[in-house]
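For reference, the structure is listed below as structure tokens.
No value in this document is a laboratory result; all are computed from the given coordinates. Predicted, not measured: the structure shown is a model, and the values here were computed from it. Cβ placement follows ideal geometry from the backbone for every residue including glycine, while neighbour counts extend to all protein chains displayed.
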């Protein structure tokens, strides 16, 4: 990202160069995006129907990409209601503390160019990102530079898979907003302890993590697990509506897996008060949050998620580490919490552990491969 007509970068050492621009509007006019060297600088490669993302790259740590449609100028819009979505994945090299993610967000299909004409880059250059965490590290938002990272970009998010080789989950994150919307400060963005559960998005979400639900031998590395993460496997997610049409209300999100030509059901919880649940429903979300003493279910649940799914969602894929909590929310337990309390333990990884420095030093070649992405009528992709 350089000053227009020059090779001088607008953004260095995680801050804007105020000699080039000093206001959000000025930064949008004075700075321009350039194409990325995906393979050389970011270690992002494709082969046939396979996408590979490496954790450590010449350009830094972690990457995120979005799927374009055949025009190359818009994000492909996936219609999910009364449909299923499937893909194959190889995450065998991802240790404790690393995370691969495949998820949908309600980004503008054009990357925001229609709503904000000053944005002439659009989807082809990866603009317009948003999610339910209201990320504040987006360089350009709503046609302006995010000069001091005070702006956040909020929208509904559906996490199909957040995983490493030790633990995995799928999570709903509805927002009260319609499409992408910019929040203006940490309080409005829900990024303070006081506003995390009262802002625009369900940041905690409703998740189904088999390990947390009591199934400690379902997913992990080795033949003793039903899903052996040392080898590729298939993830199938079904979005069931109340009338079995794409116009109906979303009422259930089911999960299936395949490995070695075996169809594997998502396991029911082993907790006595939750053992009737093996998919995400409003009843499951309410019951699990009560059982685990999580914050109450919020933001309209599956119905609101389904309303935002209507018209299509954008597919994002990423690989990352977590400098804040060492990914304990996914594969271990949060520091200061009692791992013997129901729901606290999310996976088998130790605490302390999983810190980015250790992950990068001990596992320098971490990578994830997403393969054979497909969608269709329920029951048609496997």
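One-quarter of the Cα convex hull surface for the chain, in nm²?
Working: hull surface 74.3 nm².
The directionally averaged projection comes out at 18.6 nm².
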Taking Cα centroids, how far is the stretch 190-223 from the stretch 285-319 in Å?
-> 11
The chain: antiparallel DSSP beta bridges as a percent of all, rounded to 5 | 95
Euclidean distance between Cα centres, the stretch 320-382 to the stretch 233-260, Å = 23
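In what sequence do 104, 277 fall when counting other Cβ within 10 Å, fewest first?
Details: 104 24, 277 19.
Ordered by Cβ neighbours within 10 Å, fewest first: 277, 104.
Could you work out [θ]222 nm for the chain from helices alone, using -39500 (n - 2.57) per DSSP H run of at least four and dividing by all its residues? Round to the nearest 500 deg cm²/dmol.
Details: 6 runs with 42 residues, N = 382.
After summing the helix terms and dividing by residue count, I get -2500 deg cm²/dmol.
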Any chance you could give the angle, 0 to 90 degrees and rounded to 10, that helix 282-291 forms with the longest Cα principal axis of the chain?
-> 80
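Ranked highest first by average number of other Cβ atoms within 10 Å, how do 168-180, 140-152, 190-202 line up? Can you show the working numbers first?
On the way: 168-180: 22.5, 140-152: 20.4, 190-202: 17.7.
Order by mean packing, descending: 168-180, 140-152, 190-202.
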Give, in nm to one decimal, the length gained when the segment between residue 148 and residue 46 is fully stretched (0.36 nm per residue of separation minus the Cα-Cα distance).
-> 33.3 nm
Where the centre of each part is set by its Cα atoms, how far does the stretch 1-51 sit from the stretch 96-150, in angstrom?
-> 14
Could you work out, for the stretch 1-141, what percent of all Cα-Cα pairs fall into each 5 Å distance bin, beginning at 0 Å and stopping at the bin that holds the largest distance?
-> 2, 7, 14, 19, 21, 17, 11, 5, 3, 1, 0
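Quick check on the exposure proxy: order 278, 286, 247 from fewest to most C-beta atoms within 10 angstrom. Could you put the intermediate results ahead of the total?
Numbers: 278 19, 286 14, 247 9.
Ranking 278, 286, 247 by Cβ neighbours within 10 Å, fewest first, gives 247, 286, 278.
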Taking r as the C-beta separation of residue 265 and residue 198 and R0 as 51 Å, the FRET efficiency to the nearest 0.05 is 0.90
